[in-house]
Each structure stands twice: as structure tokens, then as C-alpha cells.
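Some notes on the structure that comes next.
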Amino acid sequence: MKNVDLSLYLVLDPVLCEPIGMVETARLAVAGGATLVQLRDKKAATRDMIETGRALKAALAGSGVPLIVNDDVEAAIAIGADGVHVGQSDMPVAEVRRLIGPDMILGLSIGSVELANALDPSVIDHVGVGPVFPTSTKPGHPPAIGFQGLAAVAAASPVPVVGIGGLKLQHVADTLATGAAGLAVVSAICGQPDPASATAELAEAIRRARR
Ligand code: TZP
Ligand code: MG
């Protein structure tokens, strides 16, 4: 198993990050204590993903924080990213694993106990589970599952789970109490007036919840 710290997973959104951009947002979030960063730009062409991803990789260099690329396996490989994250309607995970090899991190989005039971831990390293709450960050998302749903999926999953969807500072303790290894957030960091402090507050709440 890869040793990935899922505690505080920043998922970048190009629109929400607009004030200062995704690269600067990631840099500040890592300074504040983000443990994982995902480039998620559903509308970008592969060449643009590669350009942004390379800049992100340079910004994260030396931090020890892995860079994950959403959906675009070709871009992830070209960037030299640490991993890939796919959803249910993206490339099948066995195919992704074949393309990226055994060493890159592979995350999958799921929202149900049925999908958790079907996970192959030799293919998938961790899952993003949600949405925990309704969120305008992902229009048309499936119904929210709440902390109860997250706990049920965490109990069923053979790999570590990260909660996602509407998660804010006040949800840290309840999220970790479900058995989740961490929180994935977009708007709690992207577009915040001070992304470094917003991240540091989340990181501190995570430390407190674990004490
Ligand atoms: N997948 C499920 S909810 C979501 C994604 C990408 C968006 C989460 O964004 P936010 O702003 O943290 O609610
Ligand atoms: Mg997709």
C-alpha cells in the first residue's frame, strides 16, 4: 500500500480559484498544510491540463505533497503526476491501472456501499466518497449521503476513504468520526480570501479531532 496522507485533500477548480489561479492557490494551501492536491478541470483540453499540471508540479516540488490529476490519464503521465483520480463515468479503473503502472496513486469516486463492496484494492488506492452535503461546486451531483452514508461506505470499503462535498471547517470532527481518513475540499480553500490560513485552520481542526 502506498503511504499517502489523505487528511486534507485540496481539489482545485479553475473557476473557484480564479482570483489568484490554481497554481498559487495550491502553493498557499500546501504552505497551510494541505496533504494532497488534485488538478480537476473538467473542461480543459489535454494540452492545457499538461501545462497547468507542470506548473503545479513545480510549485509542489520539495513539499512532499503528491499531485493527482483528475480524469485525464494521458495528461497525468505527461505531467509526471503522482496519481490519477477517476469517476464512475470515466475510464474503467482496470484500464487506468494498466496505463499508469503499479506505482502511481489511483483514486476513484464512489457514493454507495454497493460500489465500496465492488472495489478491488489491488487496483484502487483510495476512494473519494460523497457528496456528503449538497454543493454548488459540482452541478448535477447525485443525492447527498450525509455523515451516515459516509460512515456506511467507510465501513464497507477495503481502501481508505475521503469525504467530499460541502465540507467546511465545522465538519472536520464529524467527518473523521465516520472512519474517513480525511476531507477533500474545493470551496473551503479555493477562492477564500486567505487560502493559506483557511487551510491551516482545517489542518489544525484535523489535528484536534485526532487528539
Ligand atoms: N465530487 C463530489 S462533491 C464535489 C466533487 C468534485 C465538489 C466538492 O466541492 P466543495 O466546494 O468542497 O463542496
Ligand atoms: Mg470524468
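Exactly one residue out of V172, V185 is crowded, with 22+ Cβ neighbours inside 10 Å, touching a residue at least 40 places away in the same chain (Cβ under 8 Å), closer than 29 Å to P121 by Cβ and under 17 Å from the mean Cα position of the chain (by Cα), and it is V185.
The set of residues in segment 120-150 being surrounded by 19 or more Cβ atoms within 10 Å (Cβ to Cβ) and farther than 18 Å from Y9 by Cα consists of I145, G149.
Taking segment 21-46 as the range and being surrounded by fewer than 24 Cβ atoms within 10 Å (Cβ to Cβ), more than 18 Å from E201 (Cβ to Cβ) and of a type in the set (A, V, I, L, M, F, W, C) as the test, the residues that pass are V23, A44, A45. Note on segment 47-75: among residues that are in contact with a His (Cβ under 9 Å, 6 or more places away or on another chain) and either exposed (fewer than 14 other Cβ atoms within 10 Å of the Cβ) or not β-branched (V, I, T) (or both), the one that is farthest from A184 (Cα to Cα) is D71. Only one entry of K2, K43 meets the criterion of being within 16 Å of ligand 2 (Cβ to nearest atom) and over 17 Å from G191 (Cβ atoms), and that entry is K43. Among the conditions (1) more than 16 Å from ligand 2 (Cβ to nearest atom); (2) of a type in the set (A, V, I, L, M, F, W, C); (3) buried (at least 20 other Cβ atoms within 10 Å of the Cβ), the only one that L16 does not satisfy is (3). Listed by first and then second residue, the pairs linking a residue in segment 59-87 that is in contact (Cβ under 8 Å) with a residue 12 or more places away in the chain and on the phi < 0 side of the Ramachandran plot to a residue that is among the polar types (S, T, N, Q) and within 16 Å of ligand 1 (Cβ to nearest atom), with Cβ atoms under 7 Å apart and 6 or more places separating them unless they lie on different chains, are V65/T35; I68/Q38; N70/Q38; H85/Q38; H85/N70; G87/S109.
Here, each number is a calculation from the coordinates, and none is a lab measurement. In this text the structure is predicted, and so the values were computed from the model without any measurement. Neighbour counts run over all protein chains shown; Cβ positions are idealised from the backbone, glycine included.
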